[in-house]
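The values are calculated or read from the model by the stated rules, or taken from the named source; none is laboratory data. What you see is a predicted model; the values in this text were computed from it and never measured. A quick note on method: Cβ atoms are made from the backbone with ideal geometry, for glycine too, and the neighbour counts reach across all protein chains shown.
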Protein chains: 2
Amino acid sequence: MRSLFKAAALVLAAGVGATAVNAAESLQDVMKRRGLSQQDLMAAAKTYVPTGKRDEFLAFSSGGQSGQVIVYGIPSMRILKYIGVFTPEPWQGYGFDEESKKVLAQGRIDGMDITWGDTHHPAFSETNGEADGQFLFINDKANPRIAVIDLRDFETKQIVVNPIFKSEHGGAFVTPNTDYIFEAAQYATPLENKKFYPLEDFNEKYRGGMTYWKFDRKAGKIDPKKSFSIELPPYSQDLSDAGKGPSDGWSFTNSFCSERYVGGIEKGRPPYEAGCSAKDTDYLHVINWKKAAELVAAGKAKKINGADVLTIDTAVKEGILFLIPEPKSPHGVDVTPDGTKIVVSGKLDTHVSVYSFDKIMKAIKAKKFESKDPYGIPVISMQDTLHTQVQLGLGPLHTQYDSKKCIAYTSLYVDSQVAKWDFCEGKVLDKISIHYNIGHLVTMEGDTTKPAGKYLVALNKLSIDRFNPVGPLHPQNHQLIDISNDKMQLLYDMPLPLGEPHYVIAIDAKKLKPGVRYKVGTDTRTDQRHPGAVRAGEERIERNGNKVTVYGTLIRSHITPETIEVEVGDEVTINLTNLERAQDETHGFTVSTYNVHASVEPGKTASVKFKAFKEGVYPYYCTEFCSALHLEMQGYLLVKPKGWKATKKELAKGTYTEAEYQAIVKRVADTQAVIDSVVGYITSTNYKDFPDVVNLVADATDQLNKIPDAKSKYEAAAAKKDWEQASLWAEQVWQYQVKAADIGLRAKTYLEQNGAKVIK
Amino acid sequence: MRSLFKAAALVLAAGVGATAVNAAESLQDVMKRRGLSQQDLMAAAKTYVPTGKRDEFLAFSSGGQSGQVIVYGIPSMRILKYIGVFTPEPWQGYGFDEESKKVLAQGRIDGMDITWGDTHHPAFSETNGEADGQFLFINDKANPRIAVIDLRDFETKQIVVNPIFKSEHGGAFVTPNTDYIFEAAQYATPLENKKFYPLEDFNEKYRGGMTYWKFDRKAGKIDPKKSFSIELPPYSQDLSDAGKGPSDGWSFTNSFCSERYVGGIEKGRPPYEAGCSAKDTDYLHVINWKKAAELVAAGKAKKINGADVLTIDTAVKEGILFLIPEPKSPHGVDVTPDGTKIVVSGKLDTHVSVYSFDKIMKAIKAKKFESKDPYGIPVISMQDTLHTQVQLGLGPLHTQYDSKKCIAYTSLYVDSQVAKWDFCEGKVLDKISIHYNIGHLVTMEGDTTKPAGKYLVALNKLSIDRFNPVGPLHPQNHQLIDISNDKMQLLYDMPLPLGEPHYVIAIDAKKLKPGVRYKVGTDTRTDQRHPGAVRAGEERIERNGNKVTVYGTLIRSHITPETIEVEVGDEVTINLTNLERAQDETHGFTVSTYNVHASVEPGKTASVKFKAFKEGVYPYYCTEFCSALHLEMQGYLLVKPKGWKATKKELAKGTYTEAEYQAIVKRVADTQAVIDSVVGYITSTNYKDFPDVVNLVADATDQLNKIPDAKSKYEAAAAKKDWEQASLWAEQVWQYQVKAADIGLRAKTYLEQNGAKVIK
């Protein structure tokens, strides 16, 4: 058998592997063959990201009913990650390892596991009204909850359950310095938990509301004890936005079905859709949240289900809650970047209504109200507060802003268009058709104080004929639009393969600085040292009664320990620490048919727990293809009958000869020569100028450093003529070499392709 | 308030909305700004798919530990769908509705729910060795199972559990007419279920094996009763392939760790990776499955765990099982398109070994064996069976074929390259670097009898520096390579956002003909009429003791019924039929905090079931943004205390005046004029030549047909001066109009953009 690394030397010498451009077909040939227009080619050039280059913006999309968050790059529109948030997801081990199970357990409601979520509106943490790239928040409409994702590692760290709502659509939105994250109730219900009132008591006993969650940035967590809510009438509160700049301290919340209609099509009554859209206006809720927080601090809140709630009466009495009519069945409410105006879209009106914050304040100061609503809340008139109304088209929903002054973009659901317009002058500038039926839209950092312009993404609810058919359940279609010029240009159709995103937010990629590894032994859900973490050489199995605890490690390509022996009925906990430092060297772990899985990234400690309820032999293995010997990264869980006693004491011996041992030793020596030549090349260059290569070199060194110990073992065994042990430890040395060579060759290629210079 | 459809008329007349190409920046400007080379532009032109155009091939990828299947287009590399297979997935309702729960329940093992899977190798059903686009099969390595996905609707229909294995890596592979789907065991265990033997008994009591699942194409299901297995030695059986053409009737299966090493690093023994790779060769298993099936039919199988198993002894005695040495720790085994050769890659060897089926048959006929393995299986020598060996590089793994004769592509894991080579002549033709550490690779229909050439996808295990960082857990990187010319050209880097795909298969998109709707009332998991299906007007709620069954329907934008009243402790089943015919008009359904969700595509009937364990008011709603009035597609589950008696009998009345009613009626009339003009335009064209438009027209007509009934209701109410009912039913008429107009405008745009002609 020819040796691996003799060939390696040949391959390296020959330099095979360089890529050449195929000149057989010209660009014009390709365009003709593929039916591309000049405009298509331009769109391709504006969106294509070559290998190794990065996207300019990262988008964070709600995953809708998937209960996840979707991360994609702009302009390439390539999806980079689905983050498990409300739904267990085994690839990430989310909901499968004990640490993430604890996060999901925070989201239990009335003692019940909720294994999904209906995510709607993601929000970045902000500093001075700008997206700061530190945290992401997202809500669950069906089971009113908010989750906190840390953008240092893109993991979900916390879930909080709303104490008084049964659904919430209008979350998450943050105040300009992320003091509060807020969410609005959607469908009115009694605020008391598990309390029934009939629909006949709807007006009296059902309520909406707003919850303001206090965020502790240092802890990276919401603090429920410092959070509060405001009781609101049973209008279906909907989307919200926080004031900024001059309007900082205020929040604005839409509503629909202020008709307070309760349906009943099965009894011959008109359905909700008719009864909830019959009137020409609903109510924009204007709330002074800063003063509300002070009132709560001053003890003016009432406890409902253990949470602080300001009643409508208190809010009215204290002058922190006002209503303004808004046309008709509104959807989006979006504060302008300078905080002076609030844009509301009435989905059954053809206009957007631009309210002036200054005018609102003037009316409040002058106590100029046109009426009170049935709950005694002062109503300010539209004419006293409107800056302008602009006729855009059919079904306006949401508005986002441009880096250019006064420029806004609004989605038109029924028209299937995006309108570009001027909210200062009140005029339409451009329209573009999308495919089809747009819900939200997003511009880059377009809901912050400093929109970045450049791109817009249309979040279309129907794709219909845009993609290859994949059955009755279609993907959604996010369309990328170039907004850098006067006319909008459609660039790209992106199918969404899982979930129905509602809202997306996008951030300059340079603002994100996620890590690639953890400090060794980290419980990544708490960011604390994991009590089950061990270093190499400290692995052990402990038994305490029927509780067996394994303290194990993972490194290419073995799991320590390789055998776990337990008895039927034992409760088994397996802690695993990934000892790798190399970027992207994740290991996975599962035990056959015991329904456990963990994803263990470099430095992470994860644990799985199960009851060994059945006798037998259950292989465990690494589920990530982590090295050439990945399949051999295996072990056995042996579940013995209670009281089983061994009779045979010896494992079967392999048959190994001195000649075989010598052949392996020879192979090791040949391979070392190749490694030396690669190392020689790398160290002859300015490789230290390339951080990625420095990491690769550190990682290769990790592997090579393991060799002396294995070498002393094979030499000792050879001295005792134990050719099996001698051969296998020599083979292990070669395995370390193969891994080091793998990394070394990658580093060498990187240096060659990135213009490293030979400096010595 | 200005009316919606007055504006519509204006917008239509003005023709706003046309897109213009921005001429401000030239192609050269864009290339310079974005740092694109000519080669990059060529790659962009080769991969960009403009809006509304389709991909040429569809790829079906294993989702690795996600337990799902990933569908993406080639060359755009856009992911079109994640299909739930072994893991519950709420967007699809998979594992949340009762119908799909039954599919997942088929995958229970030893009474335990397994809520994930480690999917590895998808396979298309084949007809005469060609992918036929009818079914997809995929395995679960961790919990040895095979799933059947119907490509008419991209839904998982069946899961079967392997009766004798505890893990299986080498599946799914199909015979040329899909008579059998087979899978190979991976880590040897006792075949008897839940039976412990110590590792000291490894050689005697642990076994590998092959299972051949009989597929009933008409039923679209695996028939476990007609399936069988073959016991094999405790070598870790690995990948497999079916013979085709001359080799049809035979199967070929790799193995590693034929050393039968059992690890023990925690006891100071060399780890598995050393002990399992110490010898220079392992064994290729050559099995006559056709004769095996006959032997089983003739009663020669033994029952193990209730399944038919041919023992090693029987297989040897009957002459259906042979071994051939193969170098070293092999991974892929791939039969050439013409079925004459078998290519094996030894991942620790630098060569691929090309075996001749003809030579294997000659040796078997001549009974020319070099030895027997420890289990008495005849071993044929390498020299008697090799066609050639070709030195490719470091870590060869898998091989795929081109449409061009004798051309093969092999992945090189350690070298991070793809080698193009000639398996007839035995020479290397080209190499290309990938990023990084490639596992499988795929060419279009490249493992069938008729490879389609054109593209190759490299399934890289590490992406490291290729994409914007998203935390320690990186996406995988699938790289698209153009293989249509002599030199391979890298076209595209595609991140995989969820799961670690192992193998991908790709099919000419034209071969797939999935449906876009179901026959109304279909249980899509059984393809039978759902017992809970009802037509419009037949909705009802039935009580039987404490069991409450709802027979409901979904259509834009209402759920019938809109109120469900139960008592605490009732068992509630809600059946929902989607009455839509329109493509892509899916509705979702959830009940607040009861952890139920359903995705109900057009025609589907789905049911959710839960115990109403808590008193209170729980909104339910449609979770898909299905129309402008989507948020109003809502209802209430009222869970009353036991024995609760109503006191108040009247719902609160809304305040509606005759003037309001008249305004709505006026709006309805204005809107009808707009609809008439749109309908007039559509019917003046050759719209019947556009099937998509015909569907849209049918769907708009569905909405308009609902108007007479609602109209008679508003007129009757107005006659009685019941202005609330009159207004709401008139409003409902307008809602139907809005939906019809939405569709009509889309149809009009489609016709204008697709060159429809005015014919009358």
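Couple of notes before you dig in:
- Residue in the range A:295-317 that is over 15 Å from residue A:210 (Cα atoms) and of a type in the set (Ser, Thr, Tyr) present: no
- Here is the figure for the range B:542-569: residues that are among the aliphatic types (A, V, I, L, M) and within 19 Å of residue B:616 (Cα to Cα) total 5.
- A single member of A:730, A:741 is within 20 Å of residue A:673 (Cβ to Cβ), among the hydrophobic types (A, V, I, L, M, F, W, C) and at pLDDT 95 or above, and it is A:730.
Listed here are the residues, each with its yes/no results for (1) within 14 Å of another protein chain (Cβ to nearest Cβ); (2) surrounded by 18 or more Cβ atoms within 10 Å (Cβ to Cβ); (3) touching a helix residue (DSSP H, G or I) at 6+ places or on another chain (Cβ under 7 Å); (4) at pLDDT 95 or above.
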residue	(1), (2), (3), (4)
B:277	yes, yes, yes, no
B:283	no, yes, no, yes
B:323	no, yes, no, yes
B:371	yes, no, no, yes
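Rundown of residues vs (1) surrounded by 20 or more Cβ atoms within 10 Å (Cβ to Cβ); (2) over 28 Å from residue B:263 (Cβ atoms), yes/no style:
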{"site": "A:672", "(1), (2)": "no, no"}
{"site": "A:707", "(1), (2)": "no, no"}
{"site": "A:726", "(1), (2)": "yes, no"}
{"site": "A:733", "(1), (2)": "yes, no"}
{"site": "A:749", "(1), (2)": "no, yes"}
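- In the range A:603-626, the residues that are out of contact with any helix residue (DSSP H, G or I) (no Cβ under 8 Å at 6 or more places or on another chain), crowded, with 24+ Cβ neighbours inside 10 Å, of a type outside the set (Phe, Trp, Tyr) and within 8 Å of chain B (Cβ to nearest Cβ): A:604, A:617, A:626
- Single condition residue A:582 does not satisfy, out of (1) within 7 Å of chain B (Cβ to nearest Cβ); (2) in contact (Cβ under 8 Å) with a residue 40 or more places away in the chain: (1)
- Positions within the range A:81-114 being hydrophobic (A, V, I, L, M, F, W, C) and at the interface with chain B (Cβ under 10 Å from one of its Cβ atoms), in sequence order: A:83, A:86, A:91, A:96, A:109, A:112, A:114
- Selection count where residues are in contact with a helix residue (DSSP H, G or I) (Cβ under 9 Å, 6 or more places away or on another chain) and among the β-branched types (Val, Ile, Thr), scope the range B:582-597: 1
- Each residue in the range B:58-76 was checked for being more than 7 Å from chain A (Cβ to nearest Cβ) and either surrounded by fewer than 23 Cβ atoms within 10 Å (Cβ to Cβ) or part of a helix (DSSP H, G or I) (or both), and 1 pass.
- Pair list, Cβ < 7 Å and 6+ apart or interchain, from the range A:247-263 residues that are over 18 Å from residue A:349 (Cβ atoms) to residues that are part of a loop (DSSP other than H, G, I, E, B) and among the acidic types (Asp, Glu): A:263/B:562
- Residue-level check: of (1) assigned to a loop (DSSP other than H, G, I, E, B); (2) within 27 Å of residue B:245 (Cβ to Cβ); (3) not β-branched (Val, Ile, Thr), residue B:142 misses just (2).
- Any hit, the range B:101-116, residues being in contact with a Ser or Thr (Cβ under 9 Å, 6 or more places away or on another chain), without any contact (Cβ under 8 Å) to a residue 60 or more places away in the chain and of a type in the set (Phe, Trp, Tyr): yes
- When residue A:296 is tested against the conditions (1) without any contact (Cβ under 8 Å) to a residue 40 or more places away in the chain; (2) in contact with a Leu (Cβ under 9 Å, 6 or more places away or on another chain); (3) surrounded by fewer than 24 Cβ atoms within 10 Å (Cβ to Cβ), the lone failure is (1).
- Filtering the range B:176-189 to residues that are over 22 Å from residue A:623 (Cβ atoms) and surrounded by 23 or more Cβ atoms within 10 Å (Cβ to Cβ) leaves B:180, B:181, B:182.
- Every residue from the range B:1-29 that is within 19 Å of residue A:34 (Cβ to Cβ) and modelled with pLDDT of 50 or more: B:27
- Filter result (assigned to a strand (DSSP E or B), under 17 Å from residue B:551 (Cβ atoms) and touching a Lys or Arg at 6+ places or on another chain (Cβ under 9 Å)) within the range B:600-623: B:604, B:605, B:609
- Some residue of the range B:232-254 being over 22 Å from residue B:448 (Cβ atoms), out of contact with any Phe, Trp or Tyr (no Cβ under 7 Å at 6 or more places or on another chain) and either within 10 Å of another protein chain (Cβ to nearest Cβ) or acidic (Asp, Glu) (or both): no
- None of A:661, A:656, A:681, A:636 is buried (at least 17 other Cβ atoms within 10 Å of the Cβ), farther than 30 Å from residue A:749 by Cα and under 49 Å from the mean Cα position of the chain (by Cα) except A:636.
- Residue A:79 being within 27 Å of residue B:42 (Cα to Cα), crowded, with 24+ Cβ neighbours inside 10 Å, in contact with a helix residue (DSSP H, G or I) (Cβ under 9 Å, 6 or more places away or on another chain) and at pLDDT 95 or above: no
- Of the residues making up the range A:196-245, those that are closer than 15 Å to residue A:175 by Cβ, part of a loop (DSSP other than H, G, I, E, B) and basic (Lys, Arg) are A:217, A:244.
- Residue B:415 being acidic (Asp, Glu) and part of a loop (DSSP other than H, G, I, E, B): yes
- Listing of strands (runs of 3 or more DSSP E) fully contained in the range B:249-317 that carry 3 or more residues being hydrophobic (A, V, I, L, M, F, W, C): B:250-256, B:281-288, B:307-310
- Test set (1) touching a Pro at 6+ places or on another chain (Cβ under 8 Å); (2) aromatic (Phe, Trp, Tyr); (3) free of Cβ contacts under 8 Å to residues at least 60 places away in the same chain - residue A:503 fails condition number: (3)
- In the range A:382-405, the count of residues that are in contact with a Ser or Thr (Cβ under 8 Å, 6 or more places away or on another chain), aliphatic (A, V, I, L, M), part of a helix (DSSP H, G or I) and closer than 27 Å to residue A:245 by Cα is one or more.
- When the range A:341-381 is limited to residues that are more than 16 Å from residue A:322 (Cβ to Cβ) and assigned to a loop (DSSP other than H, G, I, E, B), the one that is nearest to the chain's Cα centre (by Cα) turns out to be A:347.
- Just one of the listed residues (A:675, A:664) is among the β-branched types (Val, Ile, Thr) and either facing chain B (nearest Cβ under 9 Å) or outside any helix (DSSP H, G or I) (or both), and it is A:664.
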